[in-house]
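Worksheet: one structure, shown below.
The values are calculated or read from the model by the stated rules, or taken from the named source; none is laboratory data. This is a predicted model, so every value here is computed, not measured. Glycine gets a Cβ as well: all are built from the backbone with ideal geometry, and neighbour counts include every protein chain shown. Remember, those area values only see protein heavy atoms, side chains included, never the ligands or the DNA or RNA. Shrake-Rupley method; radii C 1.70, N 1.55, O 1.52, S 1.80 Å.
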Amino acid sequence: MTPIDYYIHLDNIHLKAAIYIVLAPLLGGLLAGIDRKLSARMQGRIGPPILQPFYDVLKLFQKEKIIVNKFQNFNVILFFVFMIFTGSLFFLGGDLLLVIFALTLAGVFFALAGFSVNSPYCHLGAERELIQMMSYDPMIILVAVGMYLVTGTFRVDAIALYDKPLILFLPGVFLGYLHVLTIKLRKSPFDLSMSAHAHQELVSGLKTEFSGTTLAMIEIGHWYENVLLLGIIYLFFSFNSAVGVAAMLLLYFLEIVIDNTNARFKWELTFKSTWVVTALFGAANIIILYFAIRP
Amino acid sequence: MMGPEGHVETILFLILFPAGVSLLLLSIPVKSVRRTVAVIANIALIAGAIRLLYESSGGTVRFELESVWIERSMLALEAALSAFVLYMGVRYRRYLVVLFTLLQLGLLVHFETVAAPGIHVAHSLFIDNFSIILALIIGVIGSFICLYAIGYIEEYHERHKESEDNRRVFFFLMYLFLSAMFGIVFSNNLKWIYFFWEVTTVCSFLLIKYHEDEESIGSAFSALTMNLLGGLAFAVGISYAGIYAGTLELDRLIADGGAYAVFPAALIAFSGLAKSAQLPFSSWLTRAMVAPTPVSALLHSSTMVKAGVYIIIKVAPALKGTLAAAMLSYLGGLTFLVTSLIAISQSNAKKVLAYSTIGNLGLVVACAGIGTSEAIWSAILLIVFHAVAKSLMFLCVGITEHKLSSKEIENMDFLIMVMPKVSAAMIIGISGMFLAPFGMLISKWATLKAFIDFNPIMAIILAYGSAATLFFWTKWMGKIITIKYGLKNLEKVVSPWEWTTLAVLSFMTIGVCIIFPVLSSALIEPYITELFGTSPSMDRFNIIIIMIIMLGLLTMLPVALMYYAWLDKDYKRVGTYLGGANVDNIRFLGSTGEELTADIRNYYLDSFFSEKRLFDFGWVAAVFLVILMIGVVIT
């Protein structure tokens, strides 16, 4: 029995949530470190140590608190809390649709944080963040719909225990999910709203005016989110936990490759391509599946 | 528990009392007396609606109430109404209005005298949990909107000196309208429903026309024409039901009408589509936004348009399994998708609300077309949650419209600093429309589950449409929460009438979500069980999660706000980053050294979601679907 199987079979949902809350930022931070290292190697640099993201975040906590207005950090805290809540709900095996709605709630708070500052860069970043959300939202819902059509349930724990490989029923949905995963992981060509890379036209986009502890919370919030997103990949391969883990790692590597080989899209192309991919892969897969499995 | 006699008294009170109040308000010349009457009347109406809830036995109760005098007075009033509409049609040279009215009149006279006179109607009135829910919406929300209107209309006339001060007529129409709404939801006699239906059409027409300028008159006639067309379809449906199915009772027609029920049901559903402004009729509702805002809140979002979907839900079982029902659900889905996309490109706050209203009613229509127990359950949830949150939104916009002298969302910059309390209400309203854990999200969730089992295409439509609603609501919310210091507070001059209503509706928007499990198990589920034998309900674990989110928000928001307002002192304030060329917080030096001001505007994505293109597309597709819907039942 692998640790993942052991985790899925845990009966205590509180323990499951607690494990996620403790381990997710460690895993997320580690992934970010590996990401930076691999990206550096792809670009012919040596790159920072794997633990660099942790050093960065720890340092952010010691920074002076600089703000534009008194209330700008308010929404970031809400984003952070609801992101952890959403991830916990997923990993304790809750309703997948509810997870998606809670994720949207967290995302809305994040965008609102950008709006509240009254800075042109934050504002444009927030607008683009919203366009990204509008772009990927249908596909994320279709992931849940597809999994429901196959397994007959929205419960994450039940889907994870489904004995047949979901990927065989939902190849189109899976491809669609990979497309929006690139947006959700804020990878090029879809890193419109904010970017870690130096010198983009929006400075740092949405997070331009956030610093110190607040910026650290944004980072850690996204680590939690990334682990959740990889968890959804796992569901497609959950018939075998070894295959599932391999798929998560492989696809994360693929995202790094995509990040390093693509120039940034404009928002128009991001939006259009995502809705078209959602229709051609996600929606088509679901309609075919529905007629195939209908008695 | 009381006997049916108790019910029928309350029902008759609810139907007749507002009509009496409306006449009283028309005849009293003194403003303060009118206000007192209105307040007492509203308390009585709210009490009446709540009493109905207490008396309820949970099941359907039908009442016999036959009297020649009721029939005759209704006929006389109907004739007067038609004469008035004819006069308006001739006076403003709208011959389509004249044509539709004459056709309706001719049809009904022929039906009453030659074709099928004197059909016995055993039960003219009825009550079930669904009509109680609607009565609560009409009684409680309607009353509070009327109270709000007292403060609103005062300021309206201060700001529109050119408009003639007809406020007595205004309140006459508002209360008369409430009366007609109660009539619709309690009548089982199709002729009575039709009568009240036409009263709401005329009230809506006159209230849209209230400003009496060219735009208002044009919009009013657009609403009148489409609703008269719907009324004509209704009249044909009644005649057909009377002649072929031999009954004029709604419940008997649906239950025992068999094959003869399909055609009238489709026509009445058609009429419901016009009333609830579904595509292809949606343009009348967006144009009706010229009306004073309480009218938009009461007629065009929380009640009258709900009458349209109400009747569709009632007649839909007769269409079950036919192609017409499938067309109905596609029509609703199409309307939801197209209007949600159009709303992205709108910057006029009332038009955004109008498009969102049409879209959400589209979801209800789609649920009615699907007609499973899950779908009807979600449809009723949608109606309830939408009525509360949307009326709140309209009333907030009613205040900002006066204080900012604009209905544009783009002029709502820094609203949270200028009008903090109104903004708080608006944020609650917007959250209520699309965000977890609020009502509309719960009902959309239920709707999605209902769609998946029926037809995944509908689920896909819902996924796309919801993404669009996410975009336009959040950017609106982002606009109002932008923070800037040193602005003057504009809130002090809002009247207590408006404050009361805003506060009550804000608490109700949150409250209906908290009591949602009770609401569902005590009112909605018994109704669904009566219809289908079983009823869906939400998984308990999920309800707990929803409540945790709600409690989290309700505790974290005030605590965090207080922390930032008073406790958090350890920070350094800086200006925003403006490429290093700041003059001050909002001004910067341009490339040639001139001072420029950073002006922040929202995205409207007009190249993707232009109103004209999407509407034209939606209109053609919807006309096609309507033709199919009516066509398949004729053949």
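At-a-glance table
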read-out: Gap separating the Cα centres of segment B:364-380 and segment B:344-358, nearest whole Å; value: 24
read-out: In Å², nearest 10: area of B:TRP445 left accessible to a 1.4 Å probe; value: 0
read-out: Segment B:347-497: translational diffusion in µm²/s, Stokes-Einstein, Kirkwood Rh over Cα pairs, 4 °C, 1.567 mPa s; value: 80
read-out: Using alpha-carbon coordinates, inclination of helix A:241-261 to the longest axis of chain A, degrees; value: 40
read-out: Normalised alpha carbon radius of gyration of segment B:89-166 [divisor 2.2 N^0.38 Å]; value: 1.83
read-out: Segment A:170-295 - Rg and Dmax from Cα coordinates, angstrom; value: 16.8, 58
read-out: Gaussian network model of chain A, Cα within-10 Å springs - most flexible of A:ILE50, A:ILE140, A:ILE232; value: A:ILE50
read-out: Contact order normalised by residue count of chain B, Cα under 8 Å, 6+ apart, percent; value: 15
read-out: Chain B - mean residue ellipticity at 222 nm from DSSP helices (-39,500 (n - 2.57) per run, n ≥ 4, rounded to 500); value: -23500 deg cm²/dmol
read-out: The protein assembly as shown - share of DSSP beta bridges that are antiparallel (%, nearest 5); value: 85
read-out: Nearest 10 degrees, 0 to 90: helix A:212-236 Cα axis against chain A principal axis; value: 20
read-out: Normalised alpha carbon radius of gyration of chain B [divisor 2.2 N^0.38 Å]; value: 0.97
read-out: Given charges at beta-carbon only (K, R positive; D, E negative), |dipole| of chain A in Debye; value: 380
read-out: Helical segments meeting 30 Å axial Cα length and Kyte-Doolittle -1.0 threshold in chain B (DSSP H); value: B:4-27, B:31-55, B:68-91, B:214-240, B:323-344, B:349-370, B:373-403, B:456-481, B:540-562, B:611-634
read-out: Sorted peptide list for A:6-17, B:249-260, criterion being average Cβ within 10 angstrom, highest first; value: B:249-260, A:6-17
read-out: Selection from A:LEU185, B:VAL626, B:LEU105 lying farthest towards where the dipole of the protein assembly as shown points positive, charges on Cβ; value: A:LEU185
read-out: Radius of gyration, Dmax [segment A:3-293; alpha carbons; angstrom]; value: 18.7, 60
read-out: Those GluC sites (Glu not before Pro) in segment A:35-142 that DSSP places in a loop and that have at most 12 other beta carbons within 10 Å; value: A:GLU64
read-out: Accessible heavy-atom area order of B:ARG94, A:ARG41, highest first, probe of 1.4 Å; value: A:ARG41, B:ARG94
read-out: Accessible area buried, both sides summed, chains B and A with 1.4 Å probe, Å²; value: 6300
read-out: Order of exposure, largest accessible area first, which applies to B:ILE50, A:ILE159 with probe 1.4 Å; value: B:ILE50, A:ILE159
read-out: Calculated FRET efficiency for the pair B:ASP165/B:VAL68, C-beta based, R₀ 51 Å, to 0.05; value: 0.80
read-out: Degrees between helix A:284-293 axis and first principal axis of chain A (Cα, 0 to 90, nearest 10); value: 20
read-out: Whole-Å distance, taken between Cα centres, linking segment B:194-212 and segment A:127-203; value: 48
read-out: Aspartates and glutamates with Cα under 15 Å of B:LYS479, excluding same-chain neighbours fewer than 8 positions away; value: A:GLU127, A:GLU129, B:GLU408, B:GLU410, B:ASP413, B:ASP599
read-out: Radius, Kirkwood style, for the protein assembly as shown when every pair of distinct Cα atoms is counted (Å); value: 29.1
read-out: Where labels lie 7 Å past Cα in the beta-carbon direction, separation of A:LEU27 and B:GLU530 in nm; value: 5.1
read-out: Pairs from B:LYS275/B:LYS306; A:LYS70/B:LYS572; B:LYS421/B:LYS492; A:LYS16/A:LYS187; A:LYS187/B:LYS475; B:LYS475/B:LYS569 whose Cα-Cα separation, in the structure shown, is over 19 Å; value: A:LYS16/A:LYS187; A:LYS187/B:LYS475; B:LYS475/B:LYS569
read-out: Nearest-0.05 FRET efficiency for B:ILE514 and A:HIS14, computed from C-beta distance (R0 25 Å); value: 0.55
